[in-house]
Each structure stands twice: as structure tokens, then as C-alpha cells.
Amino acid sequence: MALITRKEFLTDVKNIAGLKTLREADIATRVVVAVLKRELGVELSDSIAKVLSPDLREGWESVETADSEIRSVMK
């Protein structure tokens with residue numbers, strides 16, 4: 001299975017969601033990941049990070065839990 005890059009992932013999000021820019025796709029993705037991390041908890045979130053490609057893992061790990069992340073991207 002080929003590893004997907006973060007840019008490829010964000011391009012897919014942009015196209016599927018009908019967004020105009022990769023920045024918009026990044027914001028949407030960060031909000032979703034933040035909510036998921038809050039709901040899944042630390043242990044499961046860490047397990048998910050371990051199976052992601054290095055590029056996607058870096059993005060996953062850079063997202064904080066929902067409340068602080070959503071506030072930061074909405075500024």
C-alpha cells in the first residue's frame with residue numbers, strides 16, 4: 001500500500017468538500033482531528049498516530065484537543 005502525503009490528503013479533502021484552498025482544507029481537517037482526539041482519548045489517539053505515514057503522523061500529532069485547537073484555527 002502506497003503512503004499518502006499530507007498534501008495529497010489535504011488535496012483530497014479540498015476536492016471532496018468543495019473548498020477553495022489547501023489552507024481551508026487544513027483548517028477543516030485540524031478541527032475534525034481535534035474533536036476526534038478529544039473523543040478517542042490519549043491512548044487510542046497515540047495508537048492511530050503510530051499507523052499513519054510519517055507525514056500524516058506529524059500533522060496528527062501537531063493538533064491539540066478540540067477546544068484549544070478550534071479557537072486557534074478560527075482566529
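What follows draws every value from the coordinates through simple rules; no lab data is involved. Everything quoted here is computed from the prediction, not taken from an experiment. Reconstructed Cβ throughout: ideal geometry from the backbone, glycine too, with neighbour counts over all protein chains shown.
Listed values, structure above:
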{"quantity": "Karplus-derived HN-Hα couplings along region 45-53 (A = 6.51, B = -1.76, C = 1.60, θ = phi - 60°), whole Hz, x at Gly and Pro", "calculated": "4, 5, 5, 5, 4, 5, 9, 7, 4"}
{"quantity": "Footprinting exposure proxy for Lys14, Lys37 (fewest neighbouring C-beta atoms within 10 Å first)", "calculated": "Lys14, Lys37"}
{"quantity": "Cα→Cβ-extended label distance, 7 Å offset, between Ile48 and Asp12, nm", "calculated": "1.5 nm"}
{"quantity": "Integer Hz, Karplus 6.51/-1.76/1.60 couplings in order for region 2-8, x for Gly and Pro", "calculated": "6, 7, 8, 8, 4, 5, 4"}
{"quantity": "Per-pair calculated FRET efficiency, R0 = 22 Å: Ile4 and Leu40 via Cβ, rounded to 0.05", "calculated": "0.60"}
{"quantity": "Selected from Ala17, Ala28, Ala49 as most flexible by GNM, with the chain as the system and alpha-carbon contacts under 10 Å", "calculated": "Ala17"}
{"quantity": "In nm, spacing of pseudo-spin labels at Val32 and Ser62 (7 Å Cα→C-beta vector)", "calculated": "1.8 nm"}
{"quantity": "Residue-by-residue Karplus 3J(HN,Hα) for region 21-33, coefficients 6.51, -1.76, 1.60, Hz, glycine and proline x", "calculated": "9, 5, 4, 4, 5, 5, 4, 4, 5, 4, 5, 5, 4"}
{"quantity": "Among (1) 111; (2) 89; (3) 81, the entry derived from the coordinates for volume of the Cα convex hull per residue in Å³", "calculated": "(2)"}
